[in-house]
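Novice: What follows is a structure written as structure tokens; I'll ask about it next.
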Amino acid sequence: MRKSFLSIATVLSLIASSNIAFADAAKPGQSMTHMKTLAGISSTLEGQGILLYVQGGATSAVIGESLGSADGQVVFHIPITGTKSGVEHIGSNIVFFNSANNKQVQLKNPLIDLSKGTISAVIPQGSGEVTTVLQITNASTLTPVVTKDRKVSLKTTAYKGVALSLAPGIGAALSSLLGLAEGSIPDNLAFATADVTLYSKLKAKK
């Protein structure tokens, strides 16, 4: 598996909805990712006994009747911290949990790199190394929307509609680590969409 870190303000600023808790007022250096799984992903996983959720520093919600419904979607609201190398979700883990055998796989501290079009994380249950876990399939066409609020000296840079798919080899790794049959989770599976919002200090006019 390739090593590479993501620097998108985290996989994924999930699409905000009325059933997601909002964070305190934005401050320079902070970022948010709202990620929403594609319709059908949660029901596919649920059918195999797999639950998908986030640990640490995040809220989540379900869109649709239930996780098992055909149109069910899981939404994550993940705070992230900007670093020199990108945007990192420190203390946040995306978790796949197999309720049939109590096995779990964590995508720990996701790091988004828009320039490379990847999201990387550590998988403690695997090699324990930084691994590319998701790909941004529309990275080349993403254009940030920048707004400036001079009243509070805040600059907001937002990337909307980030398309995410499982990176090569990750579907097979998840299937194996979760004790599922080979091919249960396909490689390159279209997985989620995300919105990423970055906040920085607005430079004063000279």
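Novice: Answer with yes or no whether residue 149 is loosely packed, with under 13 Cβ neighbours inside 10 Å, farther than 20 Å from residue 50 by Cα and charged (D, E, K, R).
Specialist: yes
Novice: Could you check residue 195 against (1) modelled with pLDDT of 90 or more; (2) crowded, with 16+ Cβ neighbours inside 10 Å; (3) not hydrophobic (A, V, I, L, M, F, W, C) and say which number it fails?
Specialist: (1)
Novice: Still on this model: With (1) surrounded by 13 or more Cβ atoms within 10 Å (Cβ to Cβ); (2) of a type in the set (A, V, I, L, M); (3) out of contact with any strand residue (DSSP E or B) (no Cβ under 9 Å at 6 or more places or on another chain) as the list, and residue 181 as the residue in question, which single condition is left unmet?
Specialist: Here residue 181 meets the rest and fails (1).
Novice: How many residues, within region 58-114, are among the small types (Gly, Ala, Ser), at pLDDT 60 or above and under 20 Å from residue 129 (Cα atoms)?
Specialist: The qualifying residues number 2.
The values are calculated or read from the model by the stated rules, or taken from the named source; none is laboratory data. Source: prediction; values computed, not measured. Neighbour counts run over all protein chains shown; Cβ positions are idealised from the backbone, glycine included.
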